[in-house]
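One structure is given below, encoded as C-alpha cells.
Just so you know, all these numbers are worked out from the coordinates, no wet-lab data involved. Please read these numbers as outputs of a predicted model, since none were measured by experiment. Counting neighbours? That spans all protein chains shown, and the Cβs are built from the backbone with ideal geometry, glycine included.
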Amino acid sequence: MTSSAEEGERRLVDRIARLLALAESPNVHEAEAAASAAQRLMLKYNLEAVDAGRAKARAYGFLHVGKASGRSARRSGCSR
C-alpha cells in the first residue's frame, strides 16, 4: 500500500471507531444513527468491527456532560 492509501485507511478506521463509540450514547436516536453509519461504512469498504478495534489506541468514548445550556427556546412574538 502507498502511504496515501494507508493514511486513507487509517482515517476510515478512525472514523468508524468514533461512530461505534458514539453508538453507545444514551441518546437512542443518536446511537442508532451512529451505528447505522458505522455499519454502512464497514459494508462499503468490506471491514469488520475487529478492524475498527485497531483504532482503540485513541480510546474514543462518549461523555454526557449534562443538559445543553447554550440554546434557548424561541418565544412567540419575538422577531429576529
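Summing Lys, Arg as +1 and Asp, Glu as -1, what charge do residues with Cβ under 10 Å from the Cβ of ALA34 carry, ALA34 excluded?
Around ALA34, the charge tally is -2.
At a 10 angstrom cut-off on C-beta neighbours, averaged per residue, how do the peptides 42-49, 16-23, 31-38 rank from highest to lowest?
Ranked from most to least packed, the peptides come out as 16-23, 31-38, 42-49.
Stretch GLU30-GLU7 to full length: gain in nm at 0.36 nm per residue minus the Cα-Cα span?
5.5 nm
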